[in-house]
Amino acid sequence: MIKALRYWAVAMGLTTEGKDAEGIVQEKTDIFKALEFSDIYFQRQGSLLLMHRSLALNKEEATAWYWLFNEWGSNSICKEEFIDAFYLYLTVNGVSIRKAAVDKEYNCLRSTYIGDDNFDLKNIMDEDTYPFLAPLKILYVDDNKRVAKRLLAQKDIPLEILIYCIAMDNIEESKSSASISIDKLMEERYQIGKYFNMKYSKLMDFLLEAENKGYIALNNNFGNRYVEFLDREYSQLLDKYYIG
């Protein structure tokens with residue numbers, strides 16, 4: 001149990017793990033510190049989004065999550081497709097694994113986001129019986145019984161959380177007040193367009209609001225749109241979200 005807790009804490013971006021003379025050490029991240037102070041029971045949408053982001057970006061510790069949101073090109077997938085495609089991805093990348101283990105990866109990933117439709121949350125007895133990230137509804141079962149990605153809109157993502165994610169995903173640019181292409185945000189791996197599954201038009205609505213609030217500036221260079229980071233500490237947007 002302790003090993004599993006340590007694993008998920010790292011995978012969800014709550015801690016980093018190292019060693020000292022006394023053994024394994026877990027260090028709190030900025031996300032952990034924000035939640036510890038303001039949302040210890042993970043009740044806020046932004047908290048769950050941050051942990052989803054950490055899973056989707058963690059190629060080493062949460063490879064299946066990374067693969068589904070960054071590598072898989074379709075907006076839906078069935079179990080057989082997942083097993084065949086993810087197994088091939090692992091094999092090509094030098095990972096030796098049995099297909100039976102890939103089956104378990106699918107079940108684990110699915111149960112992170114999707115639960116039994118008949119589950120009564122009001123009468124929950126064991127906290128670990130309810131899919132932790134189910135309130136986000138990022139994944140759902142469509143009419144064809146496939147696991148599908150839902151397109152997220154403004155009501156789903158707090159603005160401060162979105163801009164924080166963009167800045168942290170592009171840390172060199174945000175720290176140097178540089179610019180980044182909106183096409184990159186939409187299309188490249190490790191970017192919000194992938195793990196939040198956003199439409200270009202919806203992202204633009206977000207960015208226009210962020211510009212109005214003074215978080216970023218928007219530039220248009222020969223038809224190519226860019227986000228310009230300003231001279232500010234973007235990590236403080238967590239405090240803005242949780243404390244106000």
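The values are calculated or read from the model by the stated rules, or taken from the named source; none is laboratory data. Since this is a predicted model, take the numbers as computed values, not measurements. Keep in mind that these areas ignore ligands, DNA and RNA; they rest on the heavy atoms of the full protein, side chains included. Shrake-Rupley method; radii C 1.70, N 1.55, O 1.52, S 1.80 Å.
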(request) Using Cα centres only, tell me the gap between region 8-44 and region 50-82 in whole Å. (result) 22
(request) For Val10, tell me the accessible area in Å² from a 1.4 Å probe, rounded to the nearest 10. (result) 40
(message) For the chain, what does the relative contact order come out to in percent, with C-alpha contacts under 8 Å and a separation of six or more?
(response) 17
(message) With a 1.4 Å probe and all protein chains kept in place, how much accessible area does Thr63 have, in Å² rounded to the nearest 10?
(response) 30
(request) Let me see the pair-distance distribution of region 161-244: every alpha carbon pair, 10 Å bin width, integer percents in order. (result) 18, 56, 25, 1
(request) Decide, for region 4-92, between rounded, prolate and oblate: order the square roots of the alpha carbon gyration tensor eigenvalues as a ≥ b ≥ c, take rounded if a/c falls under 1.5, and otherwise choose prolate if a/b is larger than b/c, else oblate. (result) oblate
(request) Report the dimensions of the chain along its three principal axes from the alpha-carbon atoms, largest first, rounded to Å. (result) 50, 45, 43
(request) Take Lys184, Lys155, Lys202 and sort them by solvent-accessible surface of the protein heavy atoms, 1.4 Å probe, largest at the top. (result) Lys155, Lys202, Lys184
(message) Please compute the contact order of region 3-84 in relative form: average sequence separation of alpha-carbon pairs under 8 Å and at least six residues apart, divided by the residue count, as a percent.
(response) 23
(request) May I ask you to give the solvent-accessible area per residue for the chain, in square angstrom, as obtained with a 1.4 angstrom probe? (result) 57
(message) Within the chain, what whole-number % of the accessible surface is contributed by carbon and sulfur, with the 1.4 Å probe and all protein chains included in the calculation?
(response) 49
(request) Go through Lys99/Lys149; Lys104/Lys145; Lys3/Lys175; Lys19/Lys184; Lys33/Lys99 and tell me which ones have a Cα-Cα distance over 29 Å in this structure. (result) Lys3/Lys175; Lys19/Lys184; Lys33/Lys99
(request) Could you state how much accessible area Cys78 has, in square angstrom rounded to the nearest 10, with a 1.4 Å probe and all protein chains kept in place? (result) 30
(message) Helix-only estimate, please: 222 nm mean residue ellipticity of the chain, summing -39500 (n - 2.57) across DSSP H runs of length 4 or more and dividing by its residues, to the nearest 500.
(response) -13000 deg cm²/dmol
(request) Taking the chain as the reference, fit the longest principal axis to its C-alpha atoms, fit the long axis of helix 2-11 to the helix C-alpha atoms, and give the angle between the two in degrees, 0 to 90, nearest 10. (result) 30
(message) Between helix 99-113 and the chain, what is the angle of the helix's C-alpha long axis to the longest principal axis, kept within 0 to 90° and rounded to the nearest 10?
(response) 50
